[in-house]
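> Handing you this structure, nothing more for now.
The values are calculated or read from the model by the stated rules, or taken from the named source; none is laboratory data. Worth saying up front: this structure is predicted, and the values here are computed from it rather than measured. No Cβ is skipped: glycine too gets one built from the backbone with ideal geometry, and neighbour counts run over all protein chains shown.
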Amino acid sequence: MPLKLEIQDLSKYVIILTGATDGIGKEMARILAKSNPKRLILPARNIEKGNNLLEYIKSSNGNANNVEIWEMDLADLQSVKNFANKFIKEVGELHILINNAGLVVQNQIVKTKDNLEIQFQVNHLAQFLLTLLLLDTIKKSVSAELPGKIALTSSAANYFGEIDFDNLNLEKGNYWNFLKAYGNTKLMNVIIAKELGRLVQNDNITTYSLHPGMISTNINHMNNRYTTYLVNLLAMVFGITAEQGAINTLYPVFSLENKETGKYYDEGIEKEPNKVANDQEIAKKLWDVSEKILKDHGMI
């Protein structure tokens with residue numbers, strides 16, 4: 001039976017939601033805006049798409065007075081840092097961070113301007129950077145009465161993933177198996193949510209990693225039209241709507257029952273992720289190596 005979502009009044013909450021211009025992110029933005037947040041900031045790489053999103057929210061529920069489109073490109077680490085610095089300076093408080101952006105690339109290696117494989121950077125490293133840069137702001141903003149939440153949209157593809165510290169940047173391997181490379185980054189989301197939850201367990205912050213369900217969205221940046229057709233066909237036959245995917249993603253975050261930090265949820269229901277996610281040694285190493293890459297790029 002599909003989950004239903006009722007969000008309490010969010011008028012005391014400042015929220016950032018990435019990946020909001022398409023798919024489930026677009027529906028999450030609409031749902032969150034309807035719940036009257038103090039401020040809802042939606043980073044967008046493409047400002048025109050961001051403005052279209054704003055019009056969509058206005059036409060859907062008319063409640064967009066506290067919704068703001070800010071420029072940020074996860075494929076550019078400096079852009080992420082600029083966004084975070086601007087946010088800290090101009091807003092200075094944050095209660096909910098939803099790292100929802102993501103993409104899939106098949107059959108090729110695509111590099112960002114930071115010389116990193118784009119899935120590794122967009123799906124993991126850039127959102128890890130955003131979280132690190134805003135973590136102190138979240139800690140200072142939340143309390144027992146106004147708890148913080150940090151969520152990462154993962155995928156059931158985490159079960160196909162592995163953590164290979166000799167190939168984190170996904171430059172080696174079989175690129176015909178797009179689920180493998182994508183699954184690696186989605187496993188990183190689960191691991192980071194769990195490790196972050198351990199680190200902030202005494203800071204009135206709960207962390208989540210979330211699989212929304214199978215949905216046909218613009219996440220599929222594939223250069224093989226037959227694979228794209230197959231994936232979208234499967235999503236049409238077995239999948240759910242973007243709206244239901246948004247509800248499945250937001251449900252654990254706003255449920256009063258889910259107070260245990262670092263858990264993984266599949267279509268809103270708590271599940272055990274890839275067993276690698278429970279390896280504390282791998283989690284710490286992934287965190288440390290990710291920090292080192294960011295330091296080497298002058299980001300932290």
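> Tell me which residues, restricted to the stretch 78-90, are in contact with a Ser or Thr (Cβ under 8 Å, 6 or more places away or on another chain) and crowded, with 20+ Cβ neighbours inside 10 Å. First the steps, then the outcome.
Quick first cut of the stretch 78-90, residues in contact with a Ser or Thr (Cβ under 8 Å, 6 or more places away or on another chain) only: 87-88.
Within the stretch 78-90, Phe87 is the sole residue that qualifies.
> List pairs: first in the stretch 17-42 and over 22 Å from Phe83 (Cα atoms), second surrounded by fewer than 23 Cβ atoms within 10 Å (Cβ to Cβ) and among the charged types (D, E, K, R), Cβ under 6 Å, 6+ apart or cross-chain?
Glu27/Glu243; Asn36/Asp9
> Could you tell me whether the stretch 220-241 includes any residue that is of a type in the set (Lys, Arg), over 17 Å from Tyr159 (Cα atoms) and modelled with pLDDT of 95 or more? Quick ask: steps written out before the conclusion?
Of all residues in the stretch 220-241, those of a type in the set (Lys, Arg) come to 225.
Okay, now just the ones that are also over 17 Å from Tyr159 (Cα atoms), so 225.
Remaining after also requiring modelled with pLDDT of 95 or more: none.
For the stretch 220-241, residues of a type in the set (Lys, Arg), over 17 Å from Tyr159 (Cα atoms) and modelled with pLDDT of 95 or more: absent.
> Right, another one. Please go through the stretch 9-21 and pick out each residue that is at negative phi and at pLDDT 95 or above. Let's see the steps before the verdict.
First pass over the stretch 9-21, keeping only residues at negative phi: 9-18, 20-21.
Within the stretch 9-21, Leu10, Ser11, Lys12, Tyr13, Val14, Ile15, Ile16, Leu17, Thr18, Ala20, Thr21 qualify.
> Between Ala144, Ala157, Ala193, which is more than 21 Å from Arg45 (Cβ to Cβ), out of contact with any Pro (no Cβ under 6 Å at 6 or more places or on another chain) and part of a loop (DSSP other than H, G, I, E, B)? Let's see the steps before the verdict.
Numbers: Ala157 fails: part of a loop (DSSP other than H, G, I, E, B); Ala193 fails: part of a loop (DSSP other than H, G, I, E, B).
Step by step, each of Ala144, Ala157, Ala193 is checked, and only Ala144 is more than 21 Å from Arg45 (Cβ to Cβ), out of contact with any Pro (no Cβ under 6 Å at 6 or more places or on another chain) and part of a loop (DSSP other than H, G, I, E, B).
> Please indicate, with yes or no, whether at least one residue in the stretch 196-212 is surrounded by 15 or more Cβ atoms within 10 Å (Cβ to Cβ), on the phi > 0 side of the Ramachandran plot and at pLDDT below 95.
no
Matching residues to (1) over 17 Å from Glu291 (Cα atoms); (2) modelled with pLDDT of 95 or more:
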residue	(1), (2)
Glu93	yes, yes
Val104	yes, no
Leu134	no, yes
Thr137	yes, yes
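> Quick check on the stretch 117-124. Is at least one of its residues over 13 Å from the mean Cα position of the chain (by Cα), of a type outside the set (A, V, I, L, M, F, W, C), closer than 19 Å to Tyr208 by Cβ and at pLDDT 95 or above?
No: zero hits.
> Can I ask one more? Would you pick out the residues in the stretch 134-153 that are out of contact with any helix residue (DSSP H, G or I) (no Cβ under 8 Å at 6 or more places or on another chain) and among the aliphatic types (A, V, I, L, M)?
First, the residues of the stretch 134-153 that are out of contact with any helix residue (DSSP H, G or I) (no Cβ under 8 Å at 6 or more places or on another chain): 135-136, 138-147.
Matches in the stretch 134-153: Leu135, Ile138, Val142, Ala144, Leu146.
> Ok, one more. Mind listing just one residue for me: the one in the stretch 1-21 that is of a type in the set (Ser, Thr, Tyr) and closer than 20 Å to Ser141 by Cβ and, of those, nearest to the chain's Cα centre (by Cα)?
Here is the first cut: in the stretch 1-21, the ones of a type in the set (Ser, Thr, Tyr) are 11, 13, 18, 21.
Now restrict to residues that are closer than 20 Å to Ser141 by Cβ: 11, 13, 18.
On the way: Ser11: 22, Tyr13: 18, Thr18: 6 Å.
So, considering only residues that are of a type in the set (Ser, Thr, Tyr) and closer than 20 Å to Ser141 by Cβ, the one nearest to the chain's Cα centre (by Cα) is Thr18.
> Additional query: Residue check: is Ile163 modelled with pLDDT under 95, aliphatic (A, V, I, L, M) and farther than 17 Å from Leu42 by Cα? Give the derivation first.
On the way: modelled with pLDDT under 95: no; aliphatic (A, V, I, L, M): yes; farther than 17 Å from Leu42 by Cα: yes.
No.
> For the stretch 16-31, indicate whether the set of residues that are surrounded by fewer than 24 Cβ atoms within 10 Å (Cβ to Cβ) and among the polar types (S, T, N, Q) is non-empty.
No, every residue in the stretch 16-31 fails to be surrounded by fewer than 24 Cβ atoms within 10 Å (Cβ to Cβ) and among the polar types (S, T, N, Q).
> Still on this structure: Which helices (runs of 4 or more DSSP H) does the stretch 1-118 wholly contain that include 3 or more residues that are closer than 23 Å to Leu256 by Cβ? If you could, list the steps in order and put the result at the bottom.
Numbers: elements: 23-34, 47-61, 77-90.
Here the list reads 23-34.
> When you check Lys271 against the structure, is it closer than 27 Å to Met28 by Cα, at pLDDT 95 or above and over 17 Å from the mean Cα position of the chain (by Cα), yes or no? Give the steps one after another, and end with the answer.
Numbers: closer than 27 Å to Met28 by Cα: yes; at pLDDT 95 or above: yes; over 17 Å from the mean Cα position of the chain (by Cα): yes.
So Lys271 fits the description; yes.
> Can you name the residue in the stretch 242-288 that is of a type outside the set (Asp, Glu) and at positive phi and, of all such residues, is surrounded by the fewest Cβ atoms within 10 Å (Cβ to Cβ)? Give the derivation first.
Within the stretch 242-288, the subset of a type outside the set (Asp, Glu) is 242, 244-256, 258-259, 261-265, 268-269, 271, 273-278, 280, 282-287.
Subsequent filtering for residues that are at positive phi retains 262, 268.
Values: Gly262: 22, Gly268: 24.
Among them, the one singled out is Gly262.
> Let me ask something else about it. Within the stretch 114-163, which residues are touching a strand residue (DSSP E or B) at 6+ places or on another chain (Cβ under 7 Å), of a type in the set (S, T, N, Q) and crowded, with 23+ Cβ neighbours inside 10 Å?
Gln119, Gln127, Thr153, Ser154, Ser155
> Right, something else. Ile24 versus (1) modelled with pLDDT of 95 or more; (2) closer than 28 Å to Asp136 by Cβ: which is the lone unmet condition?
(2)
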